[in-house]
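The values are calculated or read from the model by the stated rules, or taken from the named source; none is laboratory data. From a predicted model like this one, the values you see are computed outputs, not experimental measurements. Every residue, glycine as well, gets a Cβ built from its backbone with ideal geometry; the counts of neighbours run over all protein chains shown.
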Amino acid sequence: MTTAQVPTARAGAGAMPAGRGLVLSAVAGVSAVLVMVGVAIALFFNPVWVAFEQGRSAVDLWTGWDPATIRSVTDSVVMEVFLGPGTFAQAVGGVPVFSRAEAGHMADVRGVVMAFAVVVLVALAALLAAWVVDRRRVAFWRGVATAAAATGVTVVALGIFMLFFFDTAFELFHRIFFAAGSYTFDPLTNRLVQLFPEAFWTETSIVLAIVLVTMSTVVFLVARGRRRAADRRAAG
């Protein structure tokens, strides 16, 4: 080996094969998106936000209940989604809050939430694994930056669509995750849609989109800076 060849060999020492780098970028990117979405949803799917938004949505007028009753029932429902058992047999004055169809839908909701929680945990583990495997962090940060940018653009596009076609978007979302006819209720008679009226979901979706776009932007900027720094280290 000649003297001129030594720096090149050292600079390339430990370089990752292109195919492996693409796989790592993809794993890091997809995992980062799932983790960001999971964190964003967790900010809203909790008793504090739910109580705030129910107040704005005039749930007391829909249900005819006092605020304490609304809080007691809603907190119980939210906690049961996370902790089970999934029967949703809440009652007020000895009268069941939900019909069998409503309780069945909430059980389906719990199933979707639990499945998504598992997906997010797996994504978090995959993200950490990609970080460890890619010692130079070039592929890792490239994947995260690309995914964050794509997430921000996608959320903006979906937000514009939902702004004009919220009912259509809401229907499509439910068709993906729930059986047809299992999620249609009358706000005049069904407590589930009185506790969580359309205004509740509309405003929550708007704020969730804003949070996701902000989060994606911050992650993109950080990841892009880290990727450039990693590129410089690898080149050196």
Of the criteria (1) closer than 17 Å to S216 by Cβ; (2) out of contact with any Gly (no Cβ under 9 Å at 6 or more places or on another chain); (3) buried (at least 19 other Cβ atoms within 10 Å of the Cβ), which one Y183 fails:
(1)
Can you tell me which residues in the range 22-49 are among the β-branched types (V, I, T) and touching a residue at least 40 places away in the same chain (Cβ under 8 Å)?
V27, V30, V33, V35, V37, V39, I41
Filtered residues of the range 44-84 (kept if buried (at least 19 other Cβ atoms within 10 Å of the Cβ) and in a loop (DSSP other than H, G, I, E, B)):
S57, W65
With the requirement that a residue be part of a helix (DSSP H, G or I) and not hydroxyl-bearing (S, T, Y), what does the range 30-43 give you?
V30, A32, V33, L34, V35, M36, V37, G38, V39, A40, I41, A42
Look through the range 116-146, keep the residues that are touching a Phe, Trp or Tyr at 6+ places or on another chain (Cβ under 9 Å) and among the small types (G, A, S), and return whichever of them is modelled with the lowest pLDDT.
A130
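Inside the range 15-29, can you point out the residues that are surrounded by fewer than 18 Cβ atoms within 10 Å (Cβ to Cβ), of a type outside the set (G, A, S) and either outside any loop (DSSP other than H, G, I, E, B) or modelled with pLDDT of 90 or more (or both)?
Here is the first cut: in the range 15-29, the ones surrounded by fewer than 18 Cβ atoms within 10 Å (Cβ to Cβ) are 15-20, 22-23, 26.
Right, trim to of a type outside the set (G, A, S) and you get 16-17, 20, 22-23.
If the condition is that a residue be surrounded by fewer than 18 Cβ atoms within 10 Å (Cβ to Cβ), of a type outside the set (G, A, S) and either outside any loop (DSSP other than H, G, I, E, B) or modelled with pLDDT of 90 or more (or both), then R20, L22, V23 are the ones that fit.
Condition test on F220, is it among the hydrophobic types (A, V, I, L, M, F, W, C) and buried (at least 17 other Cβ atoms within 10 Å of the Cβ)? Write out each step before concluding.
On the way: among the hydrophobic types (A, V, I, L, M, F, W, C): yes; buried (at least 17 other Cβ atoms within 10 Å of the Cβ): yes.
So F220 fits the description; yes.
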